[in-house]
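Comments concern the structure below.
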Amino acid sequence: MLKHASIRQRIVNLAVPLAVTLILSGVFLSATGDADYMKGKQIFDKNCAVCHKISADKLVGPGLKDVTKRRDKVWLKKFIAASQEMVKSGDKTAKEVFMANGQIPMPDHKFLTDGDLNNVLNYIENFQPEAARKVTVDINKKDGFTNEEIKRGERLFFGLIPFEKGTTLNCASCHATILTDSLNFNPSVLDLAEAWKEQNGTNLYQVLSSPTSQKMTDSHKGLQLADHEIYDMSAYFSEVSKTGMETEKSFPARLLIFLTLGFLMALALADLIFFKKVKYKFIHIIIILGGLGVHVTLAMQEGTRLSRTQDYAPDQPIKFSHKVHAGQNKTDCEYCHSIASSSKSAGIPSPNLCMNCHKVVTQGARSGKFEINKIYRAIETGKSIPWVRIHKLPDHVFFSHEQHVTAGKVKCQQCHGMVENMDIVKQATDLSMGWCVNCHRRTAVQFADNKYYETFKKLHEDYKSGKIKKVTVEQVGGIDCAKCHY
Amino acid sequence: MEKKYWKSLEERNGLPVENPGKMDEDASRSLLELINEEIADKPSSRRNFLKFAGFSFATVAIATSCKNPVNTAIPMLNKPEEVTPGMANYYASTYFDGQDYSSILVKVRDGRPIKVDGNDLSSFNHGGSSARVQGSVLSLYDDGGRFKAPMIGGLETTWNMMDLEVGKKLTEVAASGKQIVLLASTIISPSTRKVIAEFTAKYPTTKLVTFDPVSSSAIRQAHQELAGQAVIPDYHFENADVVVSFGADFLGTWLSPVEFSRRWATTRRLTEEKKNISKLFVVESCMSLTGANADVRLAVKPSQQAAVILNLYNEIAAANGGKTFTAPKTSVDVKKMATALLAAKGKSLVVNGINDPALQIITHAINFMLGNYGTTLDLGSTLNLRQGMDQEMETFVQDLEAGNVGAVMFYQSNPGYTYAESARILQNLKRIPLAVSFATAQDETSKACHYVCPDHHFLESWNDAEPKNGMYTLQQPTIRNIFNTRQVQDSLLKWSGSTSDYYTSLRKTWETDFFGKQSKYGSFNDFWNHSLQDGVFEPQLPEWSLASLNLAALDTAAVKAGSATVSADTELVFYENIALGNGSHSNNPWLMEMPDPISKVCWDNFAAMSPKMAEKLGIATGDVLYFENEKLEIPAFVQPGQADGTIGIAYGYGRSNTGKVADGTGINVYPYMKAVGGFRAFSLAVKEFRAIGNTYQLATTQMHHSMEGRPIVRETTLEEWQKKPAAGNELHEEAAKNNFTLYKEYEFAGHHWGMGIDLNACTGCSACVIGCQAENNVAVVGKEQVAMTRIMHWIRIDRYYSEDPENPSVYFQPLMCQHCDNAPCENVCPVSATNHSNEGLNQMAYNRCIGTKYCINNCPYKVRRFNWFRYATNDAFDYNQNSDLGRMVLNPDVTVRERGVVEKCSFCVQRIQEKKLLAKAENRMLQDGEILPACAQACPSGAIIFGDLNDPESRISKLYKNERNYHLLEEIHTLPSVGYLTKVRNREGGAEA
C-alpha cells in the first residue's frame, strides 16, 4: 500500500531528477529547431484531428499523409481556409475532393493566419509517427503499470502535481483516501477505482465528460485531463483497486502508558535495589504499586475486550445512511428488516426491496448517483451487495429476533442503539453474555398480555393478587443455559 | 423368580469380559501419529518442554492478537416471498430407492435440505420413517460418490455431446433389430412408465427388465397361480390377532417395514379400553428384528421351513375339513400355532418371506382357509413394490450373452454388484454398442458402462409414485441440482425426440389420469398445487376384493414341499441388514455406523452362528472363517438365537467403486445368492469351512454401556397384566415409597418436560438413532473409534437377552439422557457446565465445558459422550463433516461440538424453543404433542411420546400414571424424566414351544 503520509518526502526526493529530465528534454526539443513543428501539432490537434489522420487511412475526411506532395501548398492553404467557396466557385480539384468524401463539407478555418497554415503543413509534412514520440498513451489500459506511473497518478489525485489544463481542483479534497469513521458521501478513491476497473471499454474521459448527476456536473466543472494524466490516474486506480484503502491509525496512548509505567517501575525497582539514589523508599513503593495497579486494570480491560466488538463501525460497500433513511425519512425499521418479527435473523433487505423506493429516487442530495447506482448495478449484474456484518454473536449462541421483537416487544434501539441517528452504523452494545443476562434480569415479559404465559400458574396467581408487580425474563427461566446455548 | 438378563455370552457365563477398547498395536499407533510420533515416544526433556511451551505461547499470542475477521452478510438479490432466511421450509415429497417407499417431508433451511421425516398426511407411513429414510438426506451431499457431470469413457462431457452420441447409437441398435434393454429396479411411478412407453414407441425393440436384488417374485408367482394375477397383497397386521411369520422380517426389512411396524404396533398397545394384544409366532433361521419381537420364536434351518409350513397347513386343513398332504415329520410342534390361528379365524395372518413359490402357495392357502383374505389380506389395493420377477433377469442375461441385446441402460439398478454372477453382465457390457448407466453415484455397474448419464438425486427430482393401487404421491425438488446431472426421465424424453420436459409430462399425466378421480378441486392447478403441498393424493382406495382362490396349484406345491429334505450340511442364510438394506446406501456413513439392532455390530458384516455350534467347532467371535468351495473369508460372530446348523451373513456389504465409506467395508455375499428354479435363493448349503486362525476385530457397541445386572428391563405376560396391571413393575411402587429427600426439590414453574417410551410398541428398528443423528449434528467416528467405545450417538437402543442362549427372549430399550431431576452428573461438574433448567431439562453448555468427564463417570445411564477429537473439519475422520458439501447437511440450530467437550441428548431443546416461540407469537398456550423431538418424530410405531408433565391432561402425564410406568434405576433416586412402560408379552408363563 502506498503511504500517503510520506508523499511529501518522496516528492522532494524525486523533484530534482524530474526537473533535470524536464529541462533536458526541453533543451533537446529546441535544439532540433522544432518549435514550429510543436505549434503545428497544437493547431492540428485542436482543429483537424477530429476528422483527419496523418496516415493513408480515412477518418471523416481523407488521410493526410503526403498531402503536400499531392497538392500545391497554396491551393491547400486556400482550401483549408474556405473549402466550400472553392467548390462553389467551380475549382475542379476541390469539387473532386468534395465528391470523393461523401459531400461532407469541411468547416472553414479563416481564423488561421498564414503562419499557422505554414506550421500545420510543416507538421503534416514532417509528421513523425507516435511510436517515435511517446506522447500518446493507451488511456484504456487497466493493468500492468510501472511504479513511477502509479506514483505520478497518486500525486495528481492529491493535487501535488497540478493538472496541465489548469484547474485548481484536486480529487483528494472530495474523494476520501483513507477509511474514517465519518461518512463522506462522495465516492472514495476505492469506489472510483472499482468502478473504473469494472467498466470495460470506458475510460476516464468518457466518465468525466458525461456526468451522471447534477452534483457530479457541478463539482467537476472546468476539469479537463490530458491523455497522460488520464493514463497516470488509471495507474493509480489500478493500484488502489488491488491494495484497498488504509485505515486511519489512532495514537497508541494506552500502549505508551503501559510501556512508560513499565519503564518507570523497572527504574524504581533498580533504584530500590542497586542505585539507591532516591532516599525515600515510599516513592519507589508508590510507583511500583501504582504502576502495577494501572497495568492490571489495563490488562483486564483489554482482556475482556478481546473478541468483543463494541463500537465496530466498518465501511459498507454502499454509503448507506440510516440517519437519512430511518431518521430524516422516518422509514420504519421493519420496512427493510422485515423478517425481524418472524425469524431468527432480522434480515438484510434484498436489492429488489431497495428498488421499491429507488426506482423513483435515483439520486441523493449528497451522494449524487454514484451510491444509488450500486443498487442498479447489483440488479443488472445479478451480484448482490456484500454488506459487512456488524452484529455477530458467537456460534454457540442462538438468538431469535422474533422472540425479542414479537414476543418480548423489545424496541430495536434497546440493543442496536439510536440507529436513526447514525450515518455509519456502529455496534452500540458489547453483546456480551453479561449484558444479555443483566437485561433478562431486569426486563419484564408480556406476562398479562400473552396467553402463552398462562402455563405459569403460580406466577399468575401472585401477579393477580398483586404479590409481584412484574414477571421478569429470569422468573420464566430466561437465564437458563439452554435458553440460548444448544 | 428373578429372571437373569444378559448382554453377551461372556457376561452370562461369568467369564471375564474382554475390554472392547483394547486395540491391536497397529491401530493405536496410527492414532498416536495424530500428534507426532517422534515427540510422543521420546521421554520429556527440557528441550521438548521449551519447544512445546514456546509453540503454545506463540499460538495463543497469535490467536488472541488477531483481529476479528470481517464477515459479510449478503442478502438474496430478489427474495422469494416464501423464503425467510433463518427459518425452515417444509416440502412434501417421496422417497423411493427402488426397494423401500416412504412419503416424506423435507426440511429445507436456507436452501439446503437438512432433514427428511415421514409425511404425516400419508396413510402409508403416517409420519413414520426408517433409518434409511432418515439417512437419505446425507447421500445428497456425497462429495466423493456422486457423479458431477455426464461421462463418456470415464471423461466428463456435455449433455449435448452425450445426446448426440447416445442418439446415434440408439438409432443404430434399433435399426439392427437388437434389443434395447432398460434394466431397472421396481418402477412405481406412473409418469415414468409413460416416459418409457414413449421411448419404446420411438425405439420399438425396447424392453423393460425389472430386477429387484431382494426379490419377492415368489409371492407374485403364487398369486399368479392362486388368484390369476401376479400381485403382492397388502398385509393388514393391524387387523390380526395372531400373526405367524416364516422368515418374513416384516418389522425390519420385509416388503414395507415402516408401514407394517406401525400396523403391528397398534395391536400391541394396552390401554384402559384395549386389554388384549396380538400374538406373534416367528419361525426363522437368523435372529431378525421380528424374531426379537416375537412372543414365540422357533429357530429352524431354511431347509426345515417346508416341512413346518406343510405341517401347519395340514393342521389347519384337518380342522377345516380341507385336503391334507403327506408331510415329513419335523421337530417343531406346530399344534400351538395352529390352535391360535384357528381361534382367530379371519383375524389372523400367516406371512412368508421365503422366495419359493411352492411355499408361498401353501402359506396363502392357509390364509385363505382361515378366511383372512378380505380382512388381513387385501387384493384390491395391492402393493406395487418389488415388481421384479427373477426369471426376467435370467432371460436378460442369457439374451445378453447370446448377443441379442444391443443396448443396456441401468436405472436405479446395480446388477454389477447385486446380481449373483455379475461378471456375466459386466464382461458383455464392453462388447455391446451401448451401455448407459443412470446412476446418481458411482457404482460397480457404472464403472463398466461407457456412457454415464447421472440422474438427479431424489431430493432434486420431479417424480410421482403409486406404492399401492390407488395411492399416489408426488416428489418435488427441494434444491436445484448440485452437479451437472439430468433426470433419467428427461434423458429418455430427449432421446425419444420429445420436446417436452419431464415436469410438463408429469403434470400432463396427473391432469389426464388423476384429476378426474376427485371432485374437491375444480381446476387442475388447484388440484396440482394441493397435491404437491400435501405430497399425497389418496382417492378412495379400490375395494378389497375377496378373491376366491384357485387351489389347483396347491397339490403340486404341497408335493414339492413334502418331498423337501432337511439338509444335513451347514446352511448359509443371507439376510438384510436393518441399516444398509440391499447395499445401495452403503456409502452413507450414518447408516454404516448404525449398530445393528440385534448384534450391535457396525462397520462390518459377519458370519453369525449359534453358541452351541460355536462351542462345538471351537470358534469364538472374531475368528476368521474360510468356506472352501465358496472361497469366502469372513469373521465369525456368536449370535444367540441363530438356528443350529446355520450361519447368517448380511448382504449389502463389500462394495467397490462407490466411495470412501463403503468400499471394501465387509464382504459381498451376493455372488452366493443364485437363482434356484428361476427364483433367487437366500440360503445355500455349504460342505466345508474352517477357522483359518486369524482373528478380526468387529466393532461392536454391545459391551459399552452395560448396566451391570440392575433391574432395567421389566416385563410381564399378558395374562398377569390382565390380572394386575402393575405386574412385573412391583419395584416401582417400592421405589416410590422410599422416595423422599432432605434437600430442596426443584420447582418447575412453567413446563416440566418428560418423555415416555412404550416398550411394547418399540420394535428396535433404530430409525430414532439416525433421526437424532441428523437433527443434532452427531458426528460419525469410524470403526476404530467405535471399537474404543467412542461412538457419539445421543440415543442408543439397548438390547438384552434372557433365558436360553440358543433361542433367547430379546428386549429393546431406547436409551437417551434421562434428564434426571436429581442428576448425578450435575453436581460433579466443577464449572457448572451441566445443570438443571427450570423446565426440567438437564442442560449442557458446551462453551462452558472443560472436559473433565466427571459427569460421564457419574452418569448411571452412560448416555454422555466425549468429543475426543474435533470431528468436524478433521480429515482423519473422512466421512461427511470434513468437506464443504458434506457439512451442508448440518442443522444450523444445533452447535457443532468442539474437541474436548461432553455432549448428550438435549430433548431436542431447539425444537422446544421453536415451538414455545411459535405459541408466544400466536398468543396461545402450547398444545400437547406439538413439540416432537427427532426420535419421536422418526419412530414408525409411535413408541415415543413427549410432553409437559405439569399439564395433567397431557399424554405424558397420563403415561406416568399408568401402572406399567417405571424409571430406570429409580431406586437410586435420580428422578429421571423418562418413563418406560413394561414390556408385556403374549405368552404363557415362561418360554413356550
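Here are the numbers:
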item	result
Only Lys, Arg (+1) and Asp, Glu (-1) charged, at Cβ; chain B dipole about Cα centre in debye	780 debye
Separation in nanometres of the label points that stand 7 Å from Cα toward Cβ, at B:TYR960 and B:TYR746	1.1 nm
Positive-end extreme of charge dipole, chain B - chosen from B:ASN355, B:VAL408, B:VAL231 (charges on Cβ)	B:VAL408
FRET efficiency, A:GLU85 to A:ALA35 (Cβ-Cβ, R0 45 Å, nearest 0.05)	0.90
Estimated distance in nm for a label pair at B:ASN276 and B:ARG47, the labels positioned 7 Å out from Cα along Cα-to-Cβ	8.4 nm
Förster-model FRET efficiency, 25 Å R0, A:ASP395 and A:VAL360, C-beta, rounded to 0.05	0.05
Under 11 Å, Cβ to Cβ, from B:ASN71 - net charge with Lys/Arg +1 and Asp/Glu -1	+2
Chain B, helix-only ellipticity at 222 nm - DSSP H runs n ≥ 4, -39,500 (n - 2.57), divided by all residues, nearest 500	-8000 deg cm²/dmol
Lys/Arg +1, Asp/Glu -1 at C-beta; chain B dipole; positive extreme among B:GLY648, B:PRO976, B:LEU841	B:LEU841
Residue exposure sequence - B:VAL661, B:VAL781 - by fewest surrounding Cβ within 10 Å	B:VAL781, B:VAL661
Distance from the range A:72-97 to the range B:755-825 (C-alpha centre basis), Å	105 Å
Residue exposure sequence - B:LYS336, A:LYS458 - by fewest surrounding Cβ within 10 Å	A:LYS458, B:LYS336
Tensor-based shape of chain A (alpha-carbon gyration tensor, a/c under 1.5 rounded, otherwise prolate or oblate)	oblate
Fewest-first ranking of B:SER245, A:SER465, B:SER586, using other Cβ atoms within 10 Å as the exposure measure	A:SER465, B:SER245, B:SER586
Shape category assigned to chain B from the gyration tensor of Cα positions, a/c cut at 1.5	rounded
Charge dipole (debye, nearest 20) of the protein assembly as shown; +1 at Cβ of Lys and Arg, -1 at Cβ of Asp and Glu	4500 debye
Label-point separation, A:ARG377 to B:GLN224 (7 Å along Cα→Cβ), nm	7.1 nm
Pairwise Lys count, the range B:568-700 - Cα closer than 26 Å, eight or more residues apart or different chains	11
Shielding by partners, peptide B:75-88 (average Cβ within 10 angstrom, other chains)	6
Cβ neighbours within 10 Å from other chains - mean over B:745-752	3
Top positive-direction residue, dipole computed over chain A with Cβ charges, set A:GLN128, A:VAL437, A:HIS460	A:HIS460
Rounded, prolate or oblate (a/c below 1.5 giving rounded, otherwise prolate when a/b exceeds b/c) for the range B:568-700 by Cα gyration tensor	oblate
Using alpha-carbon coordinates, inclination of helix A:253-270 to the longest axis of chain A, degrees	60 degrees
Between the range B:623-660 and the range A:444-462, the Cα center-to-center distance that results, in Å	62 Å
Net charge, B:LEU255 excluded, C-beta distance under 10 Å - Lys, Arg +1, Asp, Glu -1	-3
Beta bridges per DSSP with both ends in the protein assembly as shown, % antiparallel, nearest 5	60 percent
Förster radius 60 Å - calculated FRET efficiency between B:GLU172 and A:PHE274 (Cβ-Cβ, nearest 0.05)	0.05
Relative contact order (%) - the range B:217-383, alpha-carbon pairs under 8 angstrom, separation at least six	33 percent
Out-of-range pairs (alpha-carbon distance over 25 Å; input A:LYS344/B:LYS79; B:LYS345/B:LYS958; A:LYS344/B:LYS115; B:LYS345/B:LYS560; B:LYS178/B:LYS447; A:LYS65/A:LYS110)	B:LYS345/B:LYS958; B:LYS345/B:LYS560
Shielding by other protein chains, A:312-320, mean Cβ within 10 Å	1
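We did not get these values from a lab; they are worked out from the coordinates using the rules stated. Bear in mind that the values here come from a model prediction, so they are computed numbers and not experimental data. Here the Cβ is made from the backbone with ideal geometry for all residues, glycine too, and neighbour counts use every protein chain on show.
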